[in-house]
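Novice: The structure is given below, and queries will be raised subsequently.
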Amino acid sequence: AMMKEALLHMLTEQEGEFVSGQEISNRLDCSRTAIWKHISELRKSGYTIEAVQKRGYRLITSPDAVTAEEVSLYTGNGTFGKKITYRESVNSTQEIAHALARDGEVEGSIVLADEQTGGRGRLGRAWQSPKGTGVWMSLILKPNIPLQKAPQLTLLIAVAVSKAIEKVSGIEAAIKWPNDILISGKKSAGILTELQAEADSIHSVIVGIGINVNQERNHFSDEIAEIATSLAIEGGQTYKRAEVVGVLLQEIETLYQQYLENGFGMIKLLWESRAFSLGKRITARSITGAITGYAKGITEEGVLLLEDDHGVVHSIYSADIEFPST
Ligand code: BTX
């Protein structure tokens, strides 16, 4: 797999120019037969590679895949995404990441799938993850922070997702507390933060991120057709999912380093500048009931402050936010 990845990197670097079999064999220290074998494998995974006698190989097109080799072209110099577990179809990438984390997987490892058949949202809800359309990813983090600060990570990730969407597509993506990423008021991505903790110390944080990239309208079920959108629907073109993953991982890693070194202050400012619900009249609905009022801001802990009509300020730790029509 390392060889195949290295070969793909060489072909990609050439930007459509030929690279000779001799050069590949020198740089990767392998036989011509081995190169040929890997070229055939890449072709089987959807890469169009031209082979011409005496000139060598040339990459013509690459598939919109989130395989380890394709994503590795976009992850940059960081450590997040160095280790990628890719599956074509899974129930949920969260399950796999949880198992890996339990077995001592390192921070920054990710699990990606082309399709999830049991993708999950918060509170037992489902996350539609049709094949070949979106980014369905779980990232393992091992922050040395107290348990009660874990919600800050969701906000950090939301900032990173919103920035990554803007970088790749130029489309503005706002954050709706705590974990929705909205484009034109519709849900384009969701974040699910799950913890492995003992007593009050965090062992691992499994961050699940779902981003609707290339869905067409008919990919969404009737239930969510009105509330969901994708980058392709909004941007009128498709995007490379592997690029979205690579850019996102770099954004997350940068913010995460800043967060571990300097605390939540900077992230809070970034979050507020991208927040959609602040200053608006909202209803926060949770299992204990609903409160309507003005969203005043978030605290240092990432808790939402909601001022009701009697001027009482409520701290909202977990809820669904709605925008009342009256
Ligand atoms: P959430 O509970 O905030 O949102 C779930 C709700 O969003 C659903 O009840 C439905 O109304 C709506 N919804 C479902 N699918 C979609 C979709 N594709 N686009 C827009 N709206 C949708 C959000 O939970 C957290 C989602 C995390 C998903 C990632 S994917 C990788 C990882 N693996 C996994 O199983 N979950 C995470």
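Throughout, read-outs are computed from the coordinates displayed, never taken from laboratory work. Note that this is a predicted model, so its numbers are computed, not measured. Note that each Cβ is placed from the backbone with ideal geometry, even for glycine, and that neighbours are counted across all protein chains shown.
Novice: Starting from the amide H of I49, placed 1.01 Å from N in the peptide plane, find each other amide H under 5 Å away whose residue is 5 or more places distant or on another chain.
Specialist: I60
Novice: Once you order the gyration tensor axes a ≥ b ≥ c over the Cα atoms, which shape class does the range 272-326 get: rounded for a/c under 1.5, otherwise prolate or oblate by comparing a/b with b/c?
Specialist: It comes out rounded by the Cα gyration axes.
Novice: Please compute the net charge surrounding I291, taking Lys and Arg as +1 and Asp and Glu as -1 over other residues with Cβ under 9 Å from its Cβ. If you can, show how the numbers build up before the last one.
Specialist: On the way: positive: R285; negative: D308.
Once all neighbours under 9 Å are counted, the net charge is 0.
Novice: Could you identify which residue out of T299, T229, T154 has the top mean-square fluctuation in a GNM of the chain using Cα springs shorter than 10 Å?
Specialist: Of T299, T229, T154, the Gaussian network model singles out T299 as fluctuating most.
Novice: Next up: Can you classify the range 2-61 as rounded, prolate or oblate using the Cα gyration tensor, where a ≥ b ≥ c are the square roots of its eigenvalues, rounded means a/c under 1.5, and otherwise it's prolate if a/b beats b/c and oblate if not?
Specialist: It is rounded, given that a/c, with a ≥ b ≥ c, falls under 1.5.
Novice: Across the range 153-162, in residue order, what do the Karplus-derived ³J(HN,Hα) couplings come to in whole Hz, using 6.51 cos²θ - 1.76 cosθ + 1.60 with θ = phi - 60° and x for Gly and Pro?
Specialist: In residue order, the calculated couplings are 5, 4, 5, 4, 5, 4, 4, 5, 5, 4 Hz.
Novice: Between E23 and E301, how many nm apart are label points set 7 Å from Cα along the C-beta direction?
Specialist: About 5.9 nm, to one decimal.
Novice: Another question about this same structure. Any chance you could run the full-extension gain for R285 through V106? It's 0.36 nm times the residue separation minus the Cα-Cα distance, nm to one decimal.
Specialist: 60.8 nm
Novice: Give me the net charge for the shell around Q14: Cβ to Cβ below 14 angstrom, other residues only, Lys and Arg +1, Asp and Glu -1.
Specialist: -2
Novice: Normalised by the empirical 2.2 N^0.38 Å for globular proteins, what value does the Cα Rg of the chain take?
Specialist: Working: Rg = 21.7 Å, N = 326, 2.2 N^0.38 = 19.8 Å.
Computed over Cα atoms of the chain, the ratio equals 1.09.
Novice: Work out how much length E115 to S184 would gain on full extension: take 0.36 nm times their residue separation and subtract the Cα-Cα distance, in nm to one decimal. Show your work: numbers first, answer last.
Specialist: Working: separation 69, 0.36 × 69 = 24.84 nm, distance 2.55 nm.
Taking E115 through S184 to full extension adds about 22.3 nm, to one decimal.
Novice: Let me ask another. Work out how much length R43 to S201 would gain on full extension: take 0.36 nm times their residue separation and subtract the Cα-Cα distance, in nm to one decimal.
Specialist: 52.2 nm
Novice: Rank these for me by crowding, S169, S230, going from fewest to most other beta carbons within 10 Å.
Specialist: Ordered from fewest to most neighbouring Cβ atoms within 10 Å, S169, S230 come out as S169, S230.
Novice: Which of the lysines could be linked to K176 by a straight reach, that is with a Cα gap under 18 Å, when you skip same-chain ones fewer than 8 residues away?
Specialist: K163, K186, K187, K268, K280, K296
Novice: Next question, about the same structure. Using a Gaussian network model of the chain whose springs link C-alpha atoms within less than 10 Å, name the residue from G81, G108, G265 with the highest mean-square fluctuation.
Specialist: Taking springs between Cα atoms under 10 Å, the residue moving most is G265.
Novice: For the chain, build the charge dipole from Cβ charges (+1 Lys, Arg; -1 Asp, Glu) around the Cα centre, then report which of I49, Q128, F220 sits farthest towards its positive end.
Specialist: The residue sitting most towards the positive pole is I49.
Novice: Cα axis of helix 2-13 to longest principal axis of the chain: angle in degrees, 0 to 90, nearest 10?
Specialist: 90 degrees
Novice: Further question: With θ set to phi - 60° and the Karplus curve 6.51 cos²θ - 1.76 cosθ + 1.60, what are the ³J(HN,Hα) couplings of the range 228-240 in order, to the nearest whole Hz, using x for Gly and Pro?
Specialist: 10, 8, 10, 4, 5, 5, 6, x, x, 7, 8, 10, 7
Novice: Taking the Cα-to-Cβ direction at T33 and at K167 and moving 7 Å from each Cα, how far apart do the two end points lie in nm?
Specialist: Each label point is offset 7 Å from its Cα along the Cβ direction, giving 4.3 nm.
Novice: What whole-number distance in Å separates the alpha-carbon centres of the range 63-114 and the range 31-62?
Specialist: Here the answer is 25 Å between Cα centres.
Novice: Going by amide H atoms built from the backbone, whose H comes under 5 Å of the H on K83, apart from near neighbours?
Specialist: I110
Novice: Counting only C-alpha contacts under 8 Å and six or more residues apart, can you give the relative contact order of the chain as a whole percent?
Specialist: Details: 640 pairs, mean separation 45.5, N = 326.
Contact order relative to length: 14 percent.
Novice: OK, next. Working from Cα positions, state the angle (0 to 90°, nearest 10) between the long axis of helix 265-274 and the longest principal axis of the chain.
Specialist: The angle comes out at about 90 degrees.
Novice: Next up: Return the sequence-ordered ³J(HN,Hα) values of the range 202-212 in whole Hz as given by the Karplus equation 6.51 cos²θ - 1.76 cosθ + 1.60 applied to θ = phi - 60°, using x for Gly and Pro.
Specialist: Residue by residue, the range 202-212 yields 7, 8, 8, 10, 9, 9, x, 10, x, 10, 7 Hz.
Novice: How big is the dipole moment of the chain about its Cα centre under a simple scheme where the beta carbon of each Lys and Arg is +1, that of each Asp and Glu is -1, and everything else is neutral? Debye, nearest 20, please.
Specialist: 560 debye
Novice: Run the simple label-point estimate for I227 and T61 please: 7 Å along Cα→C-beta, distance reported in nm.
Specialist: Output for this residue pair reads 3.7 nm.
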